[in-house]
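In what follows, a structure is listed as structure tokens, so that the remarks can point back to it.
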Amino acid sequence: MTYEVDDWHQNGTWWESDQLVDVVDEINGISQTLYISAVNAVTAKDKGDTCRLTCRLPGLLSAAWGEIPSPRSFAAATKPPVGSK
């Protein structure tokens, strides 16, 4: 969900991504805590300062396939240079 809110802060606290926010959205029937994945500050002459907040359900922050495994470690070649003893 994307919401457009007045100003770039709420009660002196700046809107920031990677935060949780309590949302009460009577139009869409949402009343819960959501994760802010993106914040876009906008200035328009007709509207003034606004922010677009992209919100997602918390707990859906990892890839669908689980954790990506760490890459394998490889040992450096230990052969002596050609021509050396």
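The values are calculated or read from the model by the stated rules, or taken from the named source; none is laboratory data. A quick note: this is a predicted structure, and the numbers were derived from the prediction, not measured. Using ideal geometry, Cβ is built from the backbone for each residue, glycine included, and neighbour counts are taken over all protein chains shown.
Tabulated results
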read-out	value
Residue check, Ala63 loosely packed, with under 10 Cβ neighbours inside 10 Å, under 20 Å from Asp6 (Cα atoms) and at pLDDT below 85	no
Qualifying positions in region 4-27 - over 15 Å from the mean Cα position of the chain (by Cα) and not in a strand (DSSP E or B)	Asp7, Trp8, Asn11, Gly12, Glu26, Ile27
Sole residue being modelled with pLDDT under 90 and either within 20 Å of Met1 (Cβ to Cβ) or surrounded by 10 or more Cβ atoms within 10 Å (Cβ to Cβ) (or both), chosen from Pro81, Pro69, Pro58	Pro58
Residues (assigned to a strand (DSSP E or B) and either among the charged types (D, E, K, R) or more than 25 Å from Gly59 (Cβ to Cβ) (or both)) located in region 28-45	Ala41, Val42, Thr43, Ala44
